[in-house]
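Student: Input: one structure, supplied below.
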Amino acid sequence: MDNEEKSKLTNMVLAPYIQKATALRGKFRYVGGNQFRHAFSTLAILMDYHYMDPVLLKASIIHDIFEDTTCITPNEIINLDNDGRAVYQLVMEVTRKKIDEKDEPKEDYLERVLTKGSKNAKILKCADRISNMTDLHTDIFDRTFVKKYIKETKKWVLPMAKEIDSNMHFELKDLIRRREENIRIYSMFWPLKKKKKH
């Protein structure tokens, strides 16, 4: 981090968004931990790639808040600070919509972000996917799920990364390569089945 980035971060007030994100502590991840920690992983990935846009970083902290909790309202985010409305709009770009009380189909959602999403939405989605791919451990998830997740990443997220950030594109390709290699190596020892949501 150079001094210019340090100055931007020093003047950026993230605490109100971090406070809202604590609502994610109760949402556990299949790999372990919780969604609050995943939010910080996504934030760290963006900072690692030198993104210092306050709207983008604030949105990263709460990007799962409306999918994974029901205790935060849109107005709470909009009224947090001067960036609140733009942060809310960005979060909604990367949030699956409710259609007849059901989640927007995953393929429709990813296609929407790829074809209609803003640049920041695609950057945020790529950082989110890098975090999720990093957590895609072969001793935790079953082979069918891993293969499906890799296929989905190749079809929808790699094109986003190719469009907006060549370094993210390189990392995602490397993560895919590593996970596919793990499938080949560990397939004979892989009896695990991912639990279905009820």
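Student: Note down all Cβ pairs under 7 Å where the first residue falls in region 148-176 and is farther than 19 Å from Leu46 by Cβ, the second is among the hydroxyl-bearing types (Ser, Thr, Tyr), and they're at least six residues apart or on different chains.
Tutor: Ile176/Thr153
Student: Kindly state which helices (runs of 4 or more DSSP H) lie completely within region 50-119 and contain at least 2 residues that are surrounded by fewer than 12 Cβ atoms within 10 Å (Cβ to Cβ) and not hydrophobic (A, V, I, L, M, F, W, C).
Tutor: Ranges flagged: 106-116.
Student: Is there a residue in region 106-128 that is acidic (Asp, Glu), within 17 Å of the chain's Cα centre (by Cα) and closer than 20 Å to Ile18 by Cβ?
Tutor: yes
Student: Does region 123-158 hold any residues that are closer than 19 Å to Gly32 by Cβ and in a helix (DSSP H, G or I), and which are they?
Tutor: Those that are closer than 19 Å to Gly32 by Cβ and in a helix (DSSP H, G or I): Asp128, Arg129, Ile130, Ser131, Asn132, Met133, Thr134, Phe145, Val146, Tyr149.
Student: Would you check which residues across region 21-35 are part of a helix (DSSP H, G or I) and under 18 Å from Ile130 (Cβ atoms) and list them? Give the derivation first.
Tutor: Initially, region 21-35 is screened for residues part of a helix (DSSP H, G or I), giving 21-26, 35.
Within region 21-35, Gln35 is the sole residue that qualifies.
FYI, it's all coordinate maths here, none of it is from the lab. What you are looking at is a predicted structure, and each value in this text was computed from that prediction instead of being measured. Ideal geometry is used to build each Cβ from the backbone, glycine not excepted, and the neighbour counts take in all protein chains shown.
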